[in-house]
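Visitor: Before I ask anything, here is the structure I am working with.
The values are calculated or read from the model by the stated rules, or taken from the named source; none is laboratory data. Note that the structure is a prediction, hence the values are computed from the model and not measured. Quick reminder, even Gly has a Cβ in these numbers, built from the backbone with ideal geometry, and neighbours come from all protein chains shown.
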Amino acid sequence: MLNDPNRITSVTPDPKPWPEPSSSKMLTTYLADVEQLLSEQHWEMALRDAFDLPRIAVALTDPQMCVSNERCKAWCEEWIRPASAQEEPGLDPERLSRVLSGHLHPETEMNGEGVPSTALWRLRLRRHARTAPSGFPLGKPETQDPEAADAVEICTALVDGVRRWYAHSACHDAVAQTNLARLAVLR
């Protein structure tokens with residue numbers, strides 16, 4: 001009677017129909033490092049690492065880990081925004097695009113595409129890093145200096161954008177996961 005088509009079976013719905021996003025220690029530590037640099041008021045170092053985030057994200061989703069300035073712009077337009085409509089508007093993507101354009105790297109200036117090797121190398125270093133200390137403050141650091149406030153706004157927008165991108169796209173993207181694994185085993 002197990003194969004009886006008239007038999008009614010009860011199916012308990014799975015309380016979690018969607019898998020939780022996996023995490024990348026390298027990426028998580030990289031983002032925590034940017035936030036820690038901000039909390040320690042190392043604005044220039046935080047900006048250097050944050051400016052690499054769009055290139056890292058674009059490279060991770062490309063099978064050859066190549067980036068172009070156009071794809072970085074498109075990534076920023078898609079992922080740099082407020083998390084919800086109720087939040088105040090974040091950093092203007094056009095403004096961020098102009099700021100990022102001022103920080104082009106030679107590998108993408110020459111022929112329009114290239115591998116962001118320095119950015120990926122910095123990301124790879126995070127796999128060897130210890131767990132980030134939990135003692136630094138949460139939230140945006142407060143500052144009266146307009147340049148420092150600008151650095152905080154840019155870094156926060158980029159870090160939030162990468163978190164959003166990873167949770168909604170990259171954690172389910174086979175190419176991104178493969179590239180993260182490739183970076184983890186490189187010596």
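Visitor: Within the range 79-99, does at least one residue satisfy the condition of being in a helix (DSSP H, G or I) and modelled with pLDDT of 85 or more?
Guide: Residues of the range 79-99 that are in a helix (DSSP H, G or I), as a first pass: 79, 93-99.
Restricting the remaining residues to those that are modelled with pLDDT of 85 or more gives 79.
The answer is yes; a qualifying residue exists.
Visitor: Turning to a different aspect of this structure: Consider Arg130 carefully, then state whether it is of a type outside the set (Phe, Trp, Tyr), modelled with pLDDT under 85 and in a helix (DSSP H, G or I). Give the steps one after another, and end with the answer.
Guide: Working: of a type outside the set (Phe, Trp, Tyr): yes; modelled with pLDDT under 85: yes; in a helix (DSSP H, G or I): no.
Against the criterion (of a type outside the set (Phe, Trp, Tyr), modelled with pLDDT under 85 and in a helix (DSSP H, G or I)), Arg130 does not qualify.
Visitor: Restricting attention to the range 144-187, which residues are charged (D, E, K, R), part of a helix (DSSP H, G or I) and surrounded by fewer than 18 Cβ atoms within 10 Å (Cβ to Cβ)?
Guide: Kept after step one, since they are charged (D, E, K, R), are these residues of the range 144-187: 145, 147, 150, 153, 160, 163-164, 173, 182, 187.
Still in the running and part of a helix (DSSP H, G or I): 147, 150, 153, 160, 163-164, 182.
Result: Glu147, Asp150, Glu153, Arg163, Arg164, Arg182.
Visitor: Can you pull out every residue in the range 32-78 that is more than 20 Å from Ala174 (Cβ to Cβ), in a helix (DSSP H, G or I) and touching a strand residue (DSSP E or B) at 6+ places or on another chain (Cβ under 6 Å)?
Guide: Within the range 32-78, just Arg55 meets the criteria.
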